[in-house]
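Working notes for the structure below.
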Amino acid sequence: MQAKKDSLPSSILASIRNRKKRLDPAYTESRPHSAGTLIASYNVHKCVGTDRRFDPERTSRVIHEIGADVIALQEADTRFGERTGILDLGRLERETGLIPVPVAGMAKAHGWHGNVVLFKKGLVHDVHQVKLPGLEPRGALVAEIELEEGGVLRIIAAHFGLLRHNRAQQARTLVELINDRHEMPTILLGDLNEWRLGDSSSLNTFQSAFGPLPPAVPSFPAGLPLLALDRIIANRKGIISEVAAHDTPLARIASDHLPIKALVDLKPVAG
């Protein structure tokens, strides 16, 4: 008799099986000790936690806890009107050293369609605000960051829509952008809102520009992550470490998404 196959991907099953360890009060997440640039993506859910409490200070504490060198935030502005920014970016800079990549024409917003890229050290070049197709107002923020440790990295921070056909359109838009500028190491990160895996995933479009996608890491819902809505993928093999969720007691309550993170090392490209 043939054994029944797991109905869930191995990465999701591993997340469930490790839940007991992560719920242990003695368990803490810490920054990896390996060399490299720590990048992260975090949908902050407009600073409303799973307890339905609006608490920007708590969100900032999670960002501080992650300790990223470069972090992409989604839903960091109000949804309508002037899309006013929610976080205290001045305090965040004082406490973490993170400063926002500048965006044009957004007087009160932190970013572009709620997308914010923050970085600690280096120089920023060639910032683009990309409007993504679809029924909802969605966008991507593209920035080239000259890293302090050497090399230039293109960051594409995006937040995809809730409708599958819109996500497919949005993926094609970014693939066209990457194909026009394929010469540079590029990291795509953000809430891509795709829970489907395998052939039915709207993210398969990215394989033409990025190659095989890395294993999906569950990040939603934060209390018991089952869906890999948040992604970090690179267009160069070997420049990012294994992607992991930043799963701490504070992160589990501060937003409905867990942050995800990975280390970037451009030495394989330089070599």
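The values are calculated or read from the model by the stated rules, or taken from the named source; none is laboratory data. Here the structure is a predicted model, which is why all the values come from computation and not from measurement. Note: ideal-geometry Cβ built from the backbone for every residue, glycine included; neighbour counts use all protein chains shown. Please note that ligands, DNA and RNA were not included when accessible areas were found on the heavy atoms of the full protein model with its side chains. Shrake-Rupley method; radii C 1.70, N 1.55, O 1.52, S 1.80 Å.
Laid out as a table, the results:
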quantity: Within straight-line cross-link reach of Lys267, aspartates and glutamates at Cα separation under 20 Å, skipping those fewer than 8 residues along the same chain; calculated: Asp69, Glu144, Glu146, Glu148, Glu149, Glu183, Glu242
quantity: FRET E, pair Lys131, Lys237, Förster distance 45 Å, beta-carbon r, rounded to 0.05; calculated: 0.90
quantity: Alpha-carbon Rg/Rh ratio, for the range 82-172, with Rh computed the Kirkwood way; calculated: 1.00
quantity: Within the range 241-261, backbone nitrogen closer than 14 Å to the virtual label 7 Å beyond the Cα of His64 toward Cβ; calculated: 250-251
quantity: Convex hull of Cα atoms in the range 36-264, direction-averaged projection (nm²); calculated: 11.3 nm²
quantity: Peptide ranges 37-43, 240-246 listed from the most packed, as the mean C-beta count within 10 angstrom indicates; calculated: 37-43, 240-246
quantity: Fraction of accessible area attributable to carbon and sulfur, the range 36-264 (%, probe 1.4 Å); calculated: 55 percent
quantity: Length released on extending from Phe54 to Gln207, taking residue separation times 0.36 nm less the Cα-Cα span; calculated: 51.3 nm
quantity: Surface per residue (accessible, 1.4 Å probe) for the range 118-271, Å²; calculated: 40 Å²
